[in-house]
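Structure provided below as structure tokens; questions to follow.
The values are calculated or read from the model by the stated rules, or taken from the named source; none is laboratory data. If you're wondering where the values come from, they're calculated on a predicted model, not measured in any experiment. Here the Cβ positions follow ideal geometry from the backbone for every residue, glycine too, while neighbour counts run over all protein chains shown. Heads up: the accessible areas ignore ligands, DNA and RNA and are worked out on the full protein's heavy atoms, side chains in. Shrake-Rupley method; radii C 1.70, N 1.55, O 1.52, S 1.80 Å.
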Amino acid sequence: MSTIAPEAVAGGRTRLAGLLVVPATLFVALMLIGPLAILFRYSLNKFVPGQFMVDALVIENYIKFFTDGYYLNVLIRTVRVSVICTLACLVMGFPLAYVLARTQSRFKNLLVIAVVLPLFVGNAVRAAGWMTAFGSRGALNASLMGLGLIDQPLEIMYTENAVLIGIIAVNLPFMVLTLQSVIEGIPRNVEEAAFSLGANPPVMFRRVLWPLALPGILAGTILTFILAMNAYATPVLLGGPKFQTMGPLVYGQFAQQNNWPFGAAISFILMTATIVLTMTANFIVRRRSR
Amino acid sequence: MAWFSISHLRKTYGDFIAVDDVDIAVAKGEFLVLLGPSGCGKTTTLRMIAGFIAPSSGRISIGENDVTDLPPWKRHCGLVFQSYALFPHMTVAQNVAFGLETHKVPEAERGPRVMEALRLVRLEGFEKRYPRELSGGQQQRVALARALAMEPQVLLLDEPLSNLDAKLRLEVRIEIRELQQKLGLTTVMVTHDQEEALTMADRLVVMERGKVRQIGTQRELYERPANRFVADFIGRSAFIGGKVMALGQFQTSGGLSVACRSASVVGPATLALRPERVAIGSEAEGLPNRFQAKVVHASYLGALLDVQVALNAHDRLLLQIPNRAGLSEPRPGEVMTIGWAEDAGLVFGEG
């Protein structure tokens, strides 16, 4: 897709229009690229216990990550959790987004607000709420045991499932909103044309709706995948100390171990993994749909 | 013999009756047009035929089969939308082949049938283009080819020409009609454009507020409208209020006595007069209804002059004067003699 500058209005001062994009550009450059460059430089430094960070130009931090099974496991676990969450968001989000996009109900705006509403609650607050609900003495286990349905409390907290549920719940609105806006742009009568030409709903979905919604599906999956890869509060609060993912791992290296070079290296590995996986998926899906 | 029929079709939304007891029978190969103002229920009727709206009651049958409860994809109706609804991610050939694939036409047959459909709409050589690379008229023809390729039992056209510019519309009208006749396709079209309906249809169904007001050929609708609505909607009529005094005697609210053959039921009524049936000046001599009329307003329309005249303070009429050489344009205030025959006026009782 190409971005075309807006056509100049007669008598308009196009220079001014050009100047308007400068603040945002500068802000991003200063606040993102600058720190990233510094971080990258740090990742090549050495960490000497007691001496904090020592200037160097080595790749031992990266080697450490990829040769230690523990760290590799954290990366694999993070990718697995992110992929599962993204697919779950897509599978659950598509029907909801479709209904939202196609509904003629006068309560449509309320429905959209209901989808966005969970975002008003911060991740940490939400996760804290779940701790009270799903803990071994939480509301859910207490009720089930009180009803005599189970003898032992269900282990929900501090498991991979808890983290999966938590991230899906946080990311689902992003997926739904992205898909909804794209599906709204697909005219309803294109679907009807497919039906009248003999396509039953599954065929219509596969041949018409899915390919036309693909840009939204890609945007939504990329968004939720990135959010899941970088999740912090949810895995920390719901996964507990044993269920490490990349986000908390980075924080731990910086804040608890004071190992800035290794923390910086993990940051870059996380970023690179996210970008590479996203672009690969994007590439495969686009080529398949040709 | 009706090939395709709708009986007692009804659609209600809460208290609102969108389509009310519609009965239509279409012969094989016939071109039927549903005509009416917006909101008259014509599109709802078409969408019920296509299967997109479930009727509240009534039956729809095509050929031997009752299709009332079949989903759209089992009805085999080729539908052409006002907005064409082409698949933007498919080429012209893929669009046209879509209906063949869903109907499991063997692959070897598809190619020739796609080509044949594109040839019919004169779009050979456009197979590899995408819809966005085509003009509106070409897109419209692809939509038509797509519907034709699957050899539909009934072709449904939903205002297919209203997105085309005026000149193209005239051409495409005739093209569609010729194609329909050549292929002997049973066709139902919805339009609000009277002229379009008159040029294309074998028969027309005039609808208003969910009800069928009249079904007939162009000539029947124009010359023997069943009610005031049809007289007003098809062509133009001037309406004069008044009452029927006796058989063949109509009195206008302005007090003029008019001889009129169709006046039969005594009581309040409306007299409808086609503007071209009103004679002027010397041509009016010898006619039973002859009056002095004062010109109120004259509009120059090129081939015709549209003239509004007043017979008195209550009764007004519309005339059309052909723009012949040496015509002197009537001026407002000018007085002329007008007249019409006994069978020119049509009387509709109130209610």
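Taking the options B:284, B:325, name whichever one is over 18 Å from residue B:237 (Cβ atoms), open to solvent by 70 Å² or more (accessible area, probe 1.4 Å) and modelled with pLDDT under 90.
On the way: B:284 fails: open to solvent by 70 Å² or more (accessible area, probe 1.4 Å).
One residue alone meets the criteria, B:325.
Could you tell me whether any residue of segment A:81-96 is outside any helix (DSSP H, G or I), small (Gly, Ala, Ser) and surrounded by 15 or more Cβ atoms within 10 Å (Cβ to Cβ)? Walk me through how you get there before you give the answer.
Filtering segment A:81-96 for residues outside any helix (DSSP H, G or I) gives none.
No.
Taking residue B:124, is it of a type in the set (D, E, K, R) and either within 14 Å of chain A (Cβ to nearest Cβ) or part of a helix (DSSP H, G or I) (or both)?
On the way: of a type in the set (D, E, K, R): yes; either within 14 Å of chain A (Cβ to nearest Cβ) or part of a helix (DSSP H, G or I) (or both): no.
No: the conditions fail for residue B:124.
Between a first residue in segment A:216-227 that is at positive phi and assigned by TED's automatic domain parsing to the domain that holds residue A:247 and a second residue that is part of a helix (DSSP H, G or I) and buried (at least 23 other Cβ atoms within 10 Å of the Cβ), which pairs have beta carbons less than 8 Å apart while being 6 or more apart in sequence or on different chains?
Nothing qualifies.
Okay, moving on. Among the candidates A:173, A:118, single out the residue that is under 30 Å from the mean Cα position of the chain (by Cα) and either modelled with pLDDT under 90 or not in a helix (DSSP H, G or I) (or both). Walk me through it before giving the result.
On the way: A:173 fails: either modelled with pLDDT under 90 or not in a helix (DSSP H, G or I) (or both).
So the residue among A:173, A:118 that is under 30 Å from the mean Cα position of the chain (by Cα) and either modelled with pLDDT under 90 or not in a helix (DSSP H, G or I) (or both) is A:118.
Taking the condition more than 14 Å from every other protein chain (Cβ to nearest Cβ), touching a residue at least 40 places away in the same chain (Cβ under 8 Å), in contact with a strand residue (DSSP E or B) (Cβ under 7 Å, 6 or more places away or on another chain) and more than 17 Å from residue B:204 (Cα to Cα), does residue B:5 pass? Break it down stepwise before answering.
Working: more than 14 Å from every other protein chain (Cβ to nearest Cβ): yes; touching a residue at least 40 places away in the same chain (Cβ under 8 Å): yes; in contact with a strand residue (DSSP E or B) (Cβ under 7 Å, 6 or more places away or on another chain): yes; more than 17 Å from residue B:204 (Cα to Cα): no.
Criteria not met by residue B:5.
Turning to a different aspect of this structure: For segment A:206-221, which residues satisfy the criterion of being at the interface with chain B (Cβ under 9 Å from one of its Cβ atoms) and open to solvent by less than 10 Å² (accessible area, probe 1.4 Å)? Working first, answer last.
To start, the set of residues in segment A:206-221 that are at the interface with chain B (Cβ under 9 Å from one of its Cβ atoms) comprises A:207-208, A:211-212, A:214.
If the condition is that a residue be at the interface with chain B (Cβ under 9 Å from one of its Cβ atoms) and open to solvent by less than 10 Å² (accessible area, probe 1.4 Å), then A:208 is the only one that fits.
Looking only at residues in segment B:35-86 that are among the charged types (D, E, K, R) and in a loop (DSSP other than H, G, I, E, B), which one is nearest to the other protein chains (Cβ to nearest Cβ)?
First pass over segment B:35-86, keeping only residues among the charged types (D, E, K, R): B:42, B:47, B:59, B:64, B:66, B:69, B:74-75.
Keeping just the survivors that are in a loop (DSSP other than H, G, I, E, B) gives B:64, B:69, B:75.
Working: B:64: 19, B:69: 15, B:75: 8 Å.
Only one residue fits best here, namely B:75.
Now a separate question. Against the condition closer than 17 Å to residue A:114 by Cβ and crowded, with 20+ Cβ neighbours inside 10 Å, how does residue A:197 come out, does it pass?
Details: closer than 17 Å to residue A:114 by Cβ: no; crowded, with 20+ Cβ neighbours inside 10 Å: yes.
So residue A:197 does not fit the description; no.
Has segment A:53-60 got at least one residue that is open to solvent by 40 Å² or more (accessible area, probe 1.4 Å), assigned to a helix (DSSP H, G or I) and either touching a residue at least 12 places away in the same chain (Cβ under 8 Å) or in the same structural domain as residue A:206 (by TED's automatic domain parsing) (or both)? First the steps, then the outcome.
Step one: of segment A:53-60, the residues open to solvent by 40 Å² or more (accessible area, probe 1.4 Å) are A:53-55, A:57-60.
Cutting the leftovers down to assigned to a helix (DSSP H, G or I) gives us A:60.
Within this subset, residues satisfying the condition of being either touching a residue at least 12 places away in the same chain (Cβ under 8 Å) or in the same structural domain as residue A:206 (by TED's automatic domain parsing) (or both) are A:60.
Checked segment A:53-60: at least one residue is open to solvent by 40 Å² or more (accessible area, probe 1.4 Å), assigned to a helix (DSSP H, G or I) and either touching a residue at least 12 places away in the same chain (Cβ under 8 Å) or in the same structural domain as residue A:206 (by TED's automatic domain parsing) (or both).
For segment B:3-34, which positions are open to solvent by less than 40 Å² (accessible area, probe 1.4 Å) and not in a strand (DSSP E or B)?
B:29, B:30
Residues are listed down the side, and each one gets a yes or a no for (1) closer than 30 Å to residue A:52 by Cα; (2) modelled with pLDDT under 95; (3) open to solvent by less than 10 Å² (accessible area, probe 1.4 Å):
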site: A:179; (1), (2), (3): no, no, yes
site: A:203; (1), (2), (3): no, no, no
site: A:232; (1), (2), (3): yes, yes, no
site: A:238; (1), (2), (3): no, yes, yes
site: A:257; (1), (2), (3): yes, yes, no
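State which residue is least open to solvent (accessible area, probe 1.4 Å) when the search covers only segment A:20-52 and only residues that are without any contact (Cβ under 8 Å) to a residue 24 or more places away in the chain and polar (S, T, N, Q).
In this case the residue turns out to be A:25.
Of (1) surrounded by 15 or more Cβ atoms within 10 Å (Cβ to Cβ); (2) over 20 Å from residue B:347 (Cα atoms); (3) among the aliphatic types (A, V, I, L, M), residue B:303 satisfies all except one. Which?
(1)
Turning to a different aspect of this structure: From B:185, B:170, B:164, B:157, which residue is over 18 Å from residue B:63 (Cβ atoms), more than 14 Å from every other protein chain (Cβ to nearest Cβ) and open to solvent by less than 60 Å² (accessible area, probe 1.4 Å)?
Working: B:185 fails: over 18 Å from residue B:63 (Cβ atoms); B:170 fails: open to solvent by less than 60 Å² (accessible area, probe 1.4 Å); B:157 fails: more than 14 Å from every other protein chain (Cβ to nearest Cβ).
On inspection, the qualifying residue turns out to be B:164.
Picking from A:243, A:262, which residue would you name as being hydrophobic (A, V, I, L, M, F, W, C), touching a residue at least 60 places away in the same chain (Cβ under 8 Å), in contact with a Phe, Trp or Tyr (Cβ under 7 Å, 6 or more places away or on another chain) and open to solvent by 10 Å² or more (accessible area, probe 1.4 Å)? Before the answer, list the steps.
Numbers: A:262 fails: open to solvent by 10 Å² or more (accessible area, probe 1.4 Å).
Within the list A:243, A:262, the selection yields A:243.
Exactly one condition in (1) surrounded by fewer than 18 Cβ atoms within 10 Å (Cβ to Cβ); (2) within 12 Å of another protein chain (Cβ to nearest Cβ) is not met by residue B:142; state its number.
Result: residue B:142 passes all but (1).
Let me ask you something else. Here's a check for you: in segment A:195-205, which residue that is more than 7 Å from chain B (Cβ to nearest Cβ) and of a type in the set (A, V, I, L, M, F, W, C) is farthest from residue B:50 (Cα to Cα)?
Looking only at segment A:195-205, we keep the residues that are more than 7 Å from chain B (Cβ to nearest Cβ), and these are A:201-202, A:204-205.
Still in the list and also of a type in the set (A, V, I, L, M, F, W, C): A:204-205.
On the way: A:204: 16, A:205: 19 Å.
My answer is A:205.
Looking at segment A:184-194, which of the residues that are closer than 19 Å to residue A:94 by Cα and among the hydrophobic types (A, V, I, L, M, F, W, C) is farthest from the other protein chains (Cβ to nearest Cβ)?
If we take residues in segment A:184-194 being closer than 19 Å to residue A:94 by Cα and among the hydrophobic types (A, V, I, L, M, F, W, C), then A:186 is farthest from the other protein chains (Cβ to nearest Cβ).
On to the next question. Which of the residues that make up segment A:133-166 are open to solvent by 70 Å² or more (accessible area, probe 1.4 Å), modelled with pLDDT of 85 or more and within 28 Å of the chain's Cα centre (by Cα)?
A:158, A:161, A:165 - these are the residues of segment A:133-166 that are open to solvent by 70 Å² or more (accessible area, probe 1.4 Å), modelled with pLDDT of 85 or more and within 28 Å of the chain's Cα centre (by Cα).
Scan segment B:59-86 for residues that are open to solvent by 20 Å² or more (accessible area, probe 1.4 Å) and either over 30 Å from residue B:124 (Cα atoms) or under 25 Å from the mean Cα position of the chain (by Cα) (or both) and jot them down. Walk me through how you get there before you give the answer.
Keep residues of segment B:59-86 that are open to solvent by 20 Å² or more (accessible area, probe 1.4 Å), which gives B:59, B:61, B:63-66, B:69-71, B:73-74, B:76, B:82-83.
Selection gives B:59, B:61, B:63, B:64, B:65, B:66, B:69, B:70, B:71, B:76, B:82, B:83.
Looking only at residues in segment B:87-102 that are of a type in the set (A, V, I, L, M, F, W, C) and more than 8 Å from chain A (Cβ to nearest Cβ), which one is surrounded by the fewest Cβ atoms within 10 Å (Cβ to Cβ)?
Checking each candidate, the answer is B:90.
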